[in-house]
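Before any comments, here is the structure.
Read-outs throughout are calculated quantities, based only on the coordinates presented, and are distinct from any laboratory measurement. Bear in mind that the values here come from a model prediction, so they are computed numbers and not experimental data. Heads up, the Cβs are rebuilt from the backbone with ideal geometry, glycines too, and the neighbour counts pull from every protein chain shown.
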Amino acid sequence: MFLSKYLDDFSFEEVLDNYNFEFICQLDEENFVNIYNLLKKYNFYFINDIIVNYLEIFTLNYEIVEQGILSLKEKLGDKFVYIIGNDMRYLNELLD
Amino acid sequence: MDYMNWDEWYELAQKYYEHYKNLLVPSNFKTTNGYEYDENGKNLGNWIVRQRKAYLNINIPKSQRTNPIPPLSEDREIKLRQIGMVFRCGKENWEYMYGLAKKYYQHYGNTSMDINFKTKNGYEYDSKGYCLGVWVNQQKIIYNNIFKEKQSDRGSTKKLSIKHIQMLKAIEVELKIDEEDWKELYNLAQKYYDHFGNLLVPENFKTTNGYEYDSNGINLGIWVHETRNLIEKTSNDKDQGLTDEQIDIIVSNPLPLGLTDMKWQMMYDLAKKYYEYYGNLLVPVTFKTKNGYEYDETGENLGSWIANQRIAYRNVPLAKNERRNKWKPLSIIKFKMLEKIEMKYCYKEGNWEVMYDLAKKYYEHYGNLRVPADFKTINGYEYDENGKNLKEWIVIQKRELSDSDSSKSNEMLDDNKRELLETIGLTSNSLSEKWKFMYLLAKKYYEHYGNLQVPTNFKTTNGYEYDENGENLGIWIRYQRNAYSKQSSKIKPLSDKKIELLQQIDMVFDVRKDKEKKEDLCKLFGIEYDCYSKYLKNLTYKELNSKITYIISEGMSVFVNNRLNPIFFMSDINLQAAYGISKKEMINNYFKDYDARVKKNVLE
């Protein structure tokens with residue numbers, strides 16, 4: 001399972017606790033890496049938390065996620081990453 | 001009581017005040033010197049109570065007074081205030097009495113109490129209690145009097161604020177304005193609007209001519225505020241608040257009574273012009289206009305607005321969680337205004353038959369109803385720019401058939417129409433061609449791989465082999481999952497039939513674990529999981545468990561300002577910065593086994 005390459009043991013265990021095995025298996029690694037790098041590009045410092053709590057985001061289309069991030073930036077301002085770090089519920093808007 | 005004139009009583013009260021620095025005289029306090037109790041003295045307490053009753057009668061018509069004491073004059077009021085008179089003493093202030101009224105309401109479900117009802121706890125009669133019946137009746141009188149002319153700021157009519165009015169309405173105290181007063185207020189509002197070009201009336205704006213402040217005038221500000229709220233009521237609301245006559249007045253001569261509805265008023269005006277020009281309101285969905293009847297690419301999208309009014313109309317009988325869209329249900333005022341310009345919430349009878357004929361010709365010609373987007377036609381099967389939009393009509397029929405599936409039908413389609421639609425392949429249980437097609441691909445994938453673990457970007461034409469030019473099956477699977485969980489308000493929920501078909505190929509709808517455990521845990525700590533599931537489902541059970549335990553251990557509250565404590569939603573790094581503890585430490589140190597308590601809670 002490729003996820004273990006991107007997560008420490010504790011976080012990987014959390015992912016296994018949080019999601020059905022079938023869902024984890026069907027993740028596309030290439031898409032996952034693209035989204036991962038996209039989040040890094042925008043300086044998200046809590047990508048592990050996003051993987052554990054919002055893994056569905058890594059199944060989305062790259063453009064859609066980027067559009068969502070830019071919408072959040074417009075809504076929350078330049079410090080949007082910190083604001084989201086303080087309240088990750090904003091990430092639900094990427095899934096809507 | 002021995003007769004003394006008012007001034008003599010006042011002197012006695014003055015002595016009490018000088019001695020005690022207040023005028024909170026016990027009701028049975030008797031005295032000869034004003035401040036020492038004397039069983040044989042004058043009942044000063046009783047006199048003070050009479051002054052309060054006299055104060056309550058200020059500006060109240062004789063027929064509406066609840067006690068026979070003549071109203072207190074202005075100079076006497078001033079003199080009493082100078083010696084610390086509290087006309088609403090101790091606990092008898094507005095908020096306290098409201099609290100009692102609220103308890104009555106919570107107990108009996110209404111505030112229709114007898115005027116002589118007295119109570120100490122709000123709902124049980126107590127002859128020595130507060131005159132709650134009188135107080136409630138007074139509020140009704142005060143409200144009515146707000147809208148009568150020549151109201152001064154004195155006495156008991158002293159300001160029933162908008163906040164107080166809302167509080168009273170929340171416990172269903174019946175507050176009505178006399179019909180004639182209401183009509184006069186409407187006329188004044190019209191004058192205000194004619195003068196200022198808007199209805200941004202300040203809350204305490206009183207007037208006699210509509211646009212100039214007059215302290216002896218009627219409170220137009222409160223009326224405008226009240227009417228704005230009432231105007232949004234729908235035909236389903238228990239108490240619409242406006243009489244039929246008042247609704248007719250508003251509809252005949254609409255004023256922009258809603259601050260946020262100026263846009264609606266503007267679009268309505270355009271729709272009205274369209275109607276006056278064409279004699280109908282069959283506005284094409286893409287029709288944009290500035291003057292109401294001529295197409296203008298840079299104008300307002302009138303067609304879309306009309307369609308949205310239909311949607312709002314359909315939302316009238318639905319509770320908020322049943323609605324599939326964001327539109328507020330159409331208020332009765334707006335409904336009537338649109339009715340005046342012959343708004344149809346479904347197509348006209350004649351029009352339906354015409355469109356059906358076209359659809360039938362298309363079906364006979366092509367063997368299906370896969371009509372391209374924006375397909376317009378005159379003969380049914382050939383595109384014609386000047387023709388009718390067949391695609392739009394078919395979409396509407398499908399929607400109506402689908403609504404009838406979930407018992408939310410507005411009965412636009414009778415049995416005859418349903419039968420006719422069936423002959424051209426549209427049935428009440430019909431699945432769209434596209435959905436059926438994608439499902440077949442998913443089924444082939446399942447039959448080939450033994451599961452439905454379709455990678456996100458998997459495209460295919462045969463269901464199991466990747467094809468760059470094929471349909472994106474991965475995204476379609478995800479879409480079904482979202483529709484099942486109603487995760488997004490933008491996606492139509494999955495129908496029972498679709499769920500059943502997907503279950504036959506082992507579709508996993510819920511990608512997350514431990515939902516029931518989280519629900520049980522939340523129940524234990526007074527968290528309504530359903531209300532917060534959109535956010536709480538993202539947490540692992542361990543994280544949720546540990547954070548709850550941590551919060552309680554640290555003496556914090558699960559709820560802050562009626563919202564879940566933000567700690568639940570912090571990232572690990574933010575958590576460490578705020579609380580000095582990482583998520584891992586929190587789980588290791590605070591995770592607790594609540595199973596025994598959960599079981600006990602469930603059994604109870």
Non-local residues with an amide H under 5 Å from the amide H of B:ARG512, with H modelled 1.01 Å from N and Pro and chain starts lacking one, are A:ASN20
Amide H of B:ASN315: which non-local residues (sequence gap of 5 or more, or other chain) have their own amide H closer than 5 Å, using H built in the peptide plane? B:LEU330
Quickly work out the B:GLU419-to-B:LYS290 label distance, labels modelled 7 Å from Cα along the C-beta direction, and quote it in nm with one decimal. 5.2
From the P(r) of the protein assembly as shown, could you give the percentage of C-alpha pairs in the tail past 32 Å? 69
Determine the alpha carbon to alpha carbon distance for each of B:LYS53/B:LYS103; B:LYS340/B:LYS398; B:LYS263/B:LYS537; A:LYS40/B:LYS328; B:LYS102/B:LYS513 and list only those over 32 Å. B:LYS263/B:LYS537; A:LYS40/B:LYS328; B:LYS102/B:LYS513
Cβ-placed point charges (K, R +1; D, E -1), dipole of the protein assembly as shown about Cα centre in debye, nearest 20: 1520
With θ taken as phi - 60° and the coefficients 6.51, -1.76 and 1.60, list the Karplus ³J(HN,Hα) couplings across the range B:443-452 in order, rounded to whole Hz; mark glycine and proline as x. 5, 5, 4, 4, 5, 7, 9, x, 7, 10
Karplus-derived HN-Hα couplings along the range A:51-58 (A = 6.51, B = -1.76, C = 1.60, θ = phi - 60°), whole Hz, x at Gly and Pro: 5, 5, 9, 9, 4, 4, 4, 7
Between B:ASN368 and B:ILE505, what is the label-point separation in nm under the 7 Å Cα-to-beta-carbon projection? 1.7
Can you put B:ILE505, B:ILE394 in order of Cβ neighbours within 10 angstrom, beginning with the fewest? B:ILE505, B:ILE394
Listed by chain and number, the residues whose amide H is under 5 Å from that of B:TYR130, excluding neighbours fewer than 5 places away on the same chain and using placed H, are B:THR119, B:LYS120
Going residue by residue through the range B:558-575, the Karplus relation 6.51 cos²θ - 1.76 cosθ + 1.60 with θ = phi - 60° gives ³J(HN,Hα) values, rounded to whole Hz and with x marking Gly or Pro, of 5, 10, 10, 6, 6, 10, 4, 3, x, 4, 4, 10, 7, 6, 4, 5, 5, 5
How large is the charge dipole for the range B:506-604, taken about the Cα centre, if only the Cβ atoms of Lys, Arg (+1) and Asp, Glu (-1) carry charge, to the nearest 20 debye? 80
Listing B:GLU353, B:GLU226, A:GLU63 from the residue with the fewest other Cβ atoms within 10 Å to the one with the most, what is the order? A:GLU63, B:GLU353, B:GLU226
Once a ≥ b ≥ c are taken as the square roots of the eigenvalues of the Cα gyration tensor of the range B:433-503, is the result rounded (a/c under 1.5), prolate (a/b larger than b/c) or oblate (a/b not larger than b/c)? prolate
When a footprinting reagent is the concern and you count Cβ atoms within 10 Å, what order do B:SER73, B:SER495, B:SER127 take, fewest first? B:SER127, B:SER73, B:SER495
May I ask which residue of B:TYR98, B:TYR479, B:ASN209 lies farthest towards the positive end of the charge dipole of the protein assembly as shown, with charges of +1 (Lys, Arg) and -1 (Asp, Glu) on Cβ and the Cα centre as origin? B:TYR98
